[in-house]
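In what follows, a single structure is set out as structure tokens and then discussed.
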Amino acid sequence: MNYFDLFDIPIQLQVDTQTLRTKFMQLSRLYHPDFYTHDTPEKQEDALQKSALLNKAWKVFQQPEETLAYVLALKGLLTENEKYQLNPDFLMEMMEINEAISEKDAAQLPALKERLEKLQQEIHSPVKDIIEQYQDGKTPVHDLLRVKEYYFQKKYLQRIHSSLGALE
């Protein structure tokens, strides 16, 4: 059972966590192991597994990047510990930013933050509609591959942003 089946929602790249909150609370009560203490060991184990799966799903759905990764993995487009090859132009720009960070010049900090913010917008813009309007079984694979590129670029930007935090 995948996380979307558990919540009885369609597979999507962007979930409304406010709407899911009610469903999460319902399912938490339904599968809470304490309610199965007098049932058979099989039912107890099933409730324990579903409760654990529910908590994992909720944690993933709380983080948009994790939701993207989960759907990409469901579709067989992302593997654990995958070494994805990013666009050379993107990597060149990341190298320039990393060099600026390594200089540890606090005066550059505002400009670097602005540059990262602009990059974030640039990488998100081409996939924004794909993410918002994704329909399982209808959205073409090449669109999902664009989302995969975005996912890895965003992870890279997040690492750099963390490096910037060390300068502050």
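Computed values, structure above
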| quantity | calculated |
| --- | --- |
| Cα-based helix-to-principal-axis angle, 41-61 vs the chain, degrees rounded to 10 | 20 degrees |
| Formal net charge of residues neighbouring ILE9 (Cβ-Cβ distance under 12 Å; K, R +1; D, E -1) | -3 |
| Gyration tensor (alpha-carbon) shape descriptor, segment 3-62, a/c threshold 1.5 | prolate |
| Reported label for calculated P(r) over Cα pairs in 5 Å bins from 0, in percent given [x] 2, 8, 16, 18, 16, 14, 10, 8, 5, 2, 0; [y] 1, 7, 12, 17, 18, 15, 12, 8, 6, 3, 1, 0, 0, 0; [z] 1, 7, 15, 15, 14, 13, 11, 9, 7, 4, 2, 1, 0, 0 | [z] |
| All lysines inside 20 Å of LYS50 as judged from Cα atoms, apart from same-chain residues fewer than 8 positions distant | LYS23, LYS59 |
| Set of lysines near LYS155 by C-alpha distance (under 17 Å), chain-local residues within fewer than 8 positions excluded | LYS83, LYS113, LYS118, LYS128 |
| Local net charge near ARG21, Cβ-Cβ under 15 Å (Lys/Arg +1, Asp/Glu -1) | +1 |
| Distance (nanometres) between label positions extended 7 Å along Cα→Cβ at HIS38 and GLN135 | 4.9 nm |
| Fluctuation leader among TYR36, TYR156, TYR134 - the chain, Gaussian network, Cα springs under 10 angstrom | TYR36 |
| Estimated FRET transfer efficiency (ASN87, ILE9; beta-carbon r; R0 35 Å; 0.05) | 0.60 |
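The numbers here are math on the coordinates, done by the rules we state, and not lab data. This one's a predicted model, so the numbers in the text were calculated from it and none came from an experiment. All Cβ positions, even for glycine, are placed from backbone atoms using ideal geometry, and neighbour counts span all protein chains on display.
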